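For reference, the structure is listed below as structure tokens.
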Amino acid sequence: MPGCASLLKRALLVGLLLVSTLAQADIAFRQAKVQLGDEGYLLSARFACSLPPTLEDALQQGMTLGFVLDFELIRHRKLWFDSTVVTLQRNYKLSYSALTRQYRLSYGGLYRGYPRLDAALGALCTPGGWLVLEKGGLRELGDLQGRIRLQLDSQQLPQTFQIRTLTSSDWNLGSDWQSFSFSPEAAP
């Protein structure tokens, strides 16, 4: 029976390792698209987001977490280097108010309150209707490639926590650059 006990221990260890990797917090890209709207080309994206307990505790203690959504539109050229047509950034701030017991998400001049952290993260991780390009002039460019990423902005953290981003993976949260194809539609 010593072989069975050893096998059972190994199976439990593998199970624990799998559960621990699944429980890790991160930002994972799901999809993105750019569509023609009334004002121009609008970006909609979806990320799967979760925060590690360290960042949840920091929020509860009153720290504001800054996130940055980066977007690039790139034109590929056959006989020359690729050119970047558009580079944009949207900055978000996520905070918790102990007085109102609500999470607050802001970008630009817009603020919105959420009763639960998962609702605030849902709004943060599904940006939609972001005007990334005005109408006109894109048809001549041909097929384009969009690139997008969402990450915790360590530059918006207090200096003492910026040092922690160098030593702790909990403070290095974000997706890698993800590419998607984009073909400009004819303007109506």
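The values are calculated or read from the model by the stated rules, or taken from the named source; none is laboratory data. Please read these numbers as outputs of a predicted model, since none were measured by experiment. All Cβ positions, glycine included, derive from the backbone under ideal geometry; neighbour counts span all protein chains shown.
Quick notes on this one:
- Tally of residues being polar (S, T, N, Q), touching a helix residue (DSSP H, G or I) at 6+ places or on another chain (Cβ under 8 Å) and at pLDDT below 95 across the range 69-120: 0
- Residues satisfying the stated conditions in the range 105-121, i.e. among the basic types (Lys, Arg) and assigned to a strand (DSSP E or B): ARG112
- Applying the set (1) at pLDDT 85 or above; (2) assigned to a loop (DSSP other than H, G, I, E, B) to ALA186 leaves exactly one unmet item: (1).
- The set of residues from the range 29-61 being in a helix (DSSP H, G or I) and either in contact with a Phe, Trp or Tyr (Cβ under 6 Å, 6 or more places away or on another chain) or surrounded by fewer than 18 Cβ atoms within 10 Å (Cβ to Cβ) (or both) comprises PRO53, THR54, GLU56, ASP57, LEU59, GLN60.
- Residues (surrounded by fewer than 16 Cβ atoms within 10 Å (Cβ to Cβ) and within 19 Å of ALA119 (Cβ to Cβ)) located in the range 64-79: THR64
- Any hit, the range 43-58, residues being of a type in the set (Asp, Glu) and free of Cβ contacts under 8 Å to residues at least 60 places away in the same chain: yes
Let's see how each residue does on (1) under 18 Å from TRP177 (Cβ atoms); (2) under 20 Å from the mean Cα position of the chain (by Cα); (3) part of a loop (DSSP other than H, G, I, E, B); (4) in contact (Cβ under 8 Å) with a residue 24 or more places away in the chain:
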position: ASP70; (1), (2), (3), (4): yes, yes, no, yes
position: LEU73; (1), (2), (3), (4): yes, yes, no, yes
position: PHE81; (1), (2), (3), (4): yes, no, yes, no
position: THR87; (1), (2), (3), (4): yes, yes, no, no
position: SER95; (1), (2), (3), (4): no, yes, no, yes
position: TYR103; (1), (2), (3), (4): no, yes, no, yes
position: ALA123; (1), (2), (3), (4): no, yes, no, no
position: PRO127; (1), (2), (3), (4): yes, yes, yes, yes
